[in-house]
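Peer 1: Next up is a structure, given as structure tokens.
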Amino acid sequence: MKTTLVRLSAVIAVLAVWQLLALRGLPDFVLSPVDIVKHFVAALGTQELYRDAAASLMRALPGFAIGTVLGIVLGLAAGIARSFDEILSPLVFLTYPVPKIVMLPVFMLWFGIGDVSKVLIIALACFYPAFINAYYGARATHRILVWSARNMGASEAEIFRRVVLPGALPQIFAGMRVALALSFIVMFAAEMINARSGLGHLIREAEMSARFDLMYVALLAIAILGYAGDRLLRFLRAYFLPWEESHT
Amino acid sequence: MRALRPYILIIVLLATWEIAARSGLWSPLLFPSLERIGKELWLFVSRADGWWQAWVSLYRTFGGFALAAIAGVALGMLMGRSEFMAKLLDPLFSGTYAVPKLALFPIFIFVFGLGSISKIALIFLECLYPMTIITYHGAKSVNPVLIWSAQNMGASRMRTLVRVVFPAMLPYVFAALRVALPVALIVAIITEMISSVDGLGYLVSYALSSLKTDRMLAIVVVISALGLVLDHALVALRNRLVYWEKLDTFYV
């Protein structure tokens, strides 16, 4: 109890100072924390917030799923098969530092301005961290472990499932965590640039009509979703990797 | 044949593009040929205005990036070397880590205006997280024997930090810089696409709304090249400074 109090003290202090400043009067575009919570609770009673949150999640989650699954599968394949590695990896590493969001206008031309182009751009952005982490996770498998397994008569498939995969899992989770954060950023950017629904659209609309309360509601909603997703991933990690101590 | 392998996929992709562009199945608005993109690229590079717009984007990228690097290394060092600061600041950082900071951009526009400052502030905030968290891990993992030796030889606290802790965590600092630099470029481009009147991101959305796909793709190529060059430059700098640990241009 006492340690939690110490740990949360900085957060509480920031909120307290913010609230005190608000009591003294702040410009219109800064709401006090209490007001934000009030507006948020009020918005929870309406339909719009759920609709926009659902629209955002329907873009971020499929994109995240497609990108990470492809990235993990291809990354593991490149990590264990030499010839595949030599063909695929140079392209991935060459395009890695390229900001993927610039492809959004191109995707909008090819796949329309609807959800498909947004899901695909999120998938593209999530692919890279998933691929690179799975790749290095698989490559870092200790030779001796593979040799021992082979020596004990394990087949190649068994070696992959029992030795390479468990060894690569911590890295794979690290990649998924980066990809999840990235999927929210790209979703938000895509919605702010061009969308008719979603939390990014809501915040943009609120900005245009100077509805600061709505802006903070959307902000808080996206913060809660991002935080919840990250927690869920950490929980899954602790479940699948009981032997690994989780760190942030 | 084996030496050619790394290029196979890249060549196949470019060839597919060119065939798709020339087949006439799609309008050149969707798939402009490489020739037209190259022409637009040349137009962009040969005129001073293109360089000016690239400079605007780079100026924002580096402004936010440099500020975040300085503040992040200082914060990470502080958290890594002081138990109290770590306990105090860690919840603040790990709690808001997964929150897309981009959502703050509209508020930043109201606070800092439509110009460069709101963009630099957002880039700073977005880069601060990887910088702080990775240097924090680096500062924590400094071999205690090195610190004990320095203290034993009478080094002051400040001197230990500068001469022992900082060089020992330098590889981590560069790992953090390497994560943060593409983030800085991405955020610069996104914010310019959302609201701006200059910079490469603005040019991309402007070319799109005037349906100049070839020009848009040429600018995409320019932005990609910038990302690549910056990353390679950073790795070269790292290999110079952290000469005891080599790193290739691949990801860490």
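The values are calculated or read from the model by the stated rules, or taken from the named source; none is laboratory data. Computed from a predicted structure; not experimentally measured. Heads up, the Cβs are rebuilt from the backbone with ideal geometry, glycines too, and the neighbour counts pull from every protein chain shown.
Peer 1: Checking residue A:44 against (1) surrounded by fewer than 18 Cβ atoms within 10 Å (Cβ to Cβ); (2) closer than 30 Å to residue A:130 by Cβ, which test does it fail?
Peer 2: Evaluating residue A:44 over (1) surrounded by fewer than 18 Cβ atoms within 10 Å (Cβ to Cβ); (2) closer than 30 Å to residue A:130 by Cβ leaves (2) as the failure.
Peer 1: Just checking, how many residues over segment A:64-106 are in contact with a Pro (Cβ under 6 Å, 6 or more places away or on another chain) and closer than 21 Å to residue B:180 by Cα?
Peer 2: So the count comes out to 1.
Table: residues versus (1) part of a helix (DSSP H, G or I); (2) over 21 Å from the mean Cα position of the chain (by Cα); (3) at the interface with chain A (Cβ under 9 Å from one of its Cβ atoms); (4) at pLDDT 90 or above.
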| site | (1), (2), (3), (4) |
| --- | --- |
| B:202 | yes, no, no, yes |
| B:218 | yes, no, no, yes |
| B:224 | yes, no, yes, no |
| B:227 | yes, no, yes, no |
| B:231 | yes, no, yes, no |
| B:238 | yes, no, no, no |
| B:243 | no, yes, no, no |
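Peer 1: Just one of B:25, B:89, B:30, B:34 is in contact (Cβ under 8 Å) with a residue 12 or more places away in the chain, over 23 Å from the mean Cα position of the chain (by Cα) and surrounded by fewer than 15 Cβ atoms within 10 Å (Cβ to Cβ); which is it? Let's see the steps before the verdict.
Peer 2: Details: B:25 fails: in contact (Cβ under 8 Å) with a residue 12 or more places away in the chain; B:89 fails: surrounded by fewer than 15 Cβ atoms within 10 Å (Cβ to Cβ); B:34 fails: surrounded by fewer than 15 Cβ atoms within 10 Å (Cβ to Cβ).
Of B:25, B:89, B:30, B:34, the one residue that is in contact (Cβ under 8 Å) with a residue 12 or more places away in the chain, over 23 Å from the mean Cα position of the chain (by Cα) and surrounded by fewer than 15 Cβ atoms within 10 Å (Cβ to Cβ) is B:30.
Peer 1: Conditions first: (1) assigned to a helix (DSSP H, G or I); (2) modelled with pLDDT under 90; (3) touching a Ser or Thr at 6+ places or on another chain (Cβ under 9 Å); (4) under 27 Å from residue A:191 (Cβ atoms). Residue B:56 passes all but one, so which condition is the exception?
Peer 2: Looking at each condition in turn, residue B:56 falls short on (2).
Peer 1: Also: If you check residue A:87 against the conditions, is it of a type in the set (Val, Ile, Thr), facing chain B (nearest Cβ under 9 Å) and over 19 Å from residue B:204 (Cα atoms)? Spell out how you get there, then give the answer.
Peer 2: On the way: of a type in the set (Val, Ile, Thr): yes; facing chain B (nearest Cβ under 9 Å): yes; over 19 Å from residue B:204 (Cα atoms): yes.
Yes: the conditions hold for residue A:87.
Peer 1: Kindly indicate whether residue A:132 is over 25 Å from residue A:56 (Cβ atoms), within 12 Å of chain B (Cβ to nearest Cβ), assigned to a helix (DSSP H, G or I) and over 15 Å from the mean Cα position of the chain (by Cα).
Peer 2: On the way: over 25 Å from residue A:56 (Cβ atoms): yes; within 12 Å of chain B (Cβ to nearest Cβ): yes; assigned to a helix (DSSP H, G or I): yes; over 15 Å from the mean Cα position of the chain (by Cα): yes.
In short, yes.
Peer 1: Identify the residue in segment B:121-161 that is aliphatic (A, V, I, L, M) and outside any helix (DSSP H, G or I) and, among all such residues, is modelled with the highest pLDDT.
Peer 2: In the first step, residues of segment B:121-161 are kept if they are aliphatic (A, V, I, L, M); the result is B:121-123, B:125, B:128, B:131, B:133-134, B:139, B:142, B:145-147, B:150, B:153, B:155, B:158, B:161.
Filter once more, so that each one left must be outside any helix (DSSP H, G or I): B:142, B:153, B:155.
Values: B:142: 85, B:153: 91, B:155: 86.
Checked segment B:121-161; the qualifying residue modelled with the highest pLDDT is B:153.
Peer 1: Still on this structure, I have one more. Only residues that are in a helix (DSSP H, G or I) and either among the small types (Gly, Ala, Ser) or farther than 29 Å from residue B:110 by Cα (or both): list them for segment B:178-200, please. Walk me through it before giving the result.
Peer 2: Residues of segment B:178-200 in a helix (DSSP H, G or I): B:178-194, B:200.
Selection gives B:178, B:180, B:184, B:188.
Peer 1: Moving on. Working only within segment A:216-236, note down all residues that are under 15 Å from residue A:185 (Cα atoms) and not aliphatic (A, V, I, L, M).
Peer 2: A:226, A:227, A:229, A:230
Peer 1: Can you name the residue in segment A:190-207 that is facing another protein chain (nearest Cβ under 7 Å) and touching a Leu at 6+ places or on another chain (Cβ under 7 Å) and, of all such residues, is modelled with the lowest pLDDT?
Peer 2: A:193
Peer 1: Out of all the residues in segment A:96-116, which are assigned to a helix (DSSP H, G or I) and in contact (Cβ under 8 Å) with a residue 60 or more places away in the chain? Break it down into steps so the answer makes sense when it comes.
Peer 2: Of the residues in segment A:96-116, the ones assigned to a helix (DSSP H, G or I) are A:100-111, A:115-116.
Listed by number, the residues that qualify are A:100, A:101, A:104, A:108.
Peer 1: So, in segment A:7-44, exactly how many residues are under 27 Å from residue A:190 (Cα atoms) and outside any helix (DSSP H, G or I)?
Peer 2: 3
Each row is one residue, and each column tells you yes or no for (1) acidic (Asp, Glu); (2) more than 26 Å from the chain's Cα centre (by Cα); (3) closer than 25 Å to residue A:207 by Cβ.
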{"residue": "A:6", "(1), (2), (3)": "no, yes, no"}
{"residue": "A:25", "(1), (2), (3)": "no, yes, yes"}
{"residue": "A:44", "(1), (2), (3)": "no, no, yes"}
{"residue": "A:47", "(1), (2), (3)": "no, no, yes"}
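Peer 1: From A:196, A:162, A:150, grab the single residue that is assigned to a loop (DSSP other than H, G, I, E, B), of a type in the set (D, E, K, R), farther than 30 Å from residue B:180 by Cβ and without any contact (Cβ under 8 Å) to a residue 24 or more places away in the chain. Can you show your working first?
Peer 2: Details: A:162 fails: assigned to a loop (DSSP other than H, G, I, E, B); A:150 fails: assigned to a loop (DSSP other than H, G, I, E, B).
Only one candidate passes the filter, namely A:196.
Peer 1: Could you say which residue among B:30, B:75, B:4 is assigned to a helix (DSSP H, G or I) and either within 8 Å of another protein chain (Cβ to nearest Cβ) or farther than 30 Å from residue B:127 by Cβ (or both)?
Peer 2: On the way: B:30 fails: assigned to a helix (DSSP H, G or I); B:75 fails: either within 8 Å of another protein chain (Cβ to nearest Cβ) or farther than 30 Å from residue B:127 by Cβ (or both).
Of the residues listed, the single one that is assigned to a helix (DSSP H, G or I) and either within 8 Å of another protein chain (Cβ to nearest Cβ) or farther than 30 Å from residue B:127 by Cβ (or both) is B:4.
Peer 1: I would also like to ask the following. Residues that are in a helix (DSSP H, G or I), more than 20 Å from residue A:132 (Cα to Cα), without any contact (Cβ under 8 Å) to a residue 12 or more places away in the chain and facing another protein chain (nearest Cβ under 9 Å): does segment A:173-189 have at least one?
Peer 2: Taking segment A:173-189 as the starting set, the residues that turn out to be in a helix (DSSP H, G or I) are A:173-189.
From the residues that got through so far, the ones that are more than 20 Å from residue A:132 (Cα to Cα) too are A:187-189.
When the remaining residues are screened for being without any contact (Cβ under 8 Å) to a residue 12 or more places away in the chain, the result is none.
Looking for residues that are in a helix (DSSP H, G or I), more than 20 Å from residue A:132 (Cα to Cα), without any contact (Cβ under 8 Å) to a residue 12 or more places away in the chain and facing another protein chain (nearest Cβ under 9 Å), one finds none in segment A:173-189, hence no.
Peer 1: Of B:98, B:103, which residue is at the interface with another protein chain (Cβ under 7 Å from one of its Cβ atoms) and either part of a helix (DSSP H, G or I) or over 18 Å from residue B:129 (Cβ atoms) (or both)?
Peer 2: On the way: B:98 fails: either part of a helix (DSSP H, G or I) or over 18 Å from residue B:129 (Cβ atoms) (or both).
Within the list B:98, B:103, the selection yields B:103.
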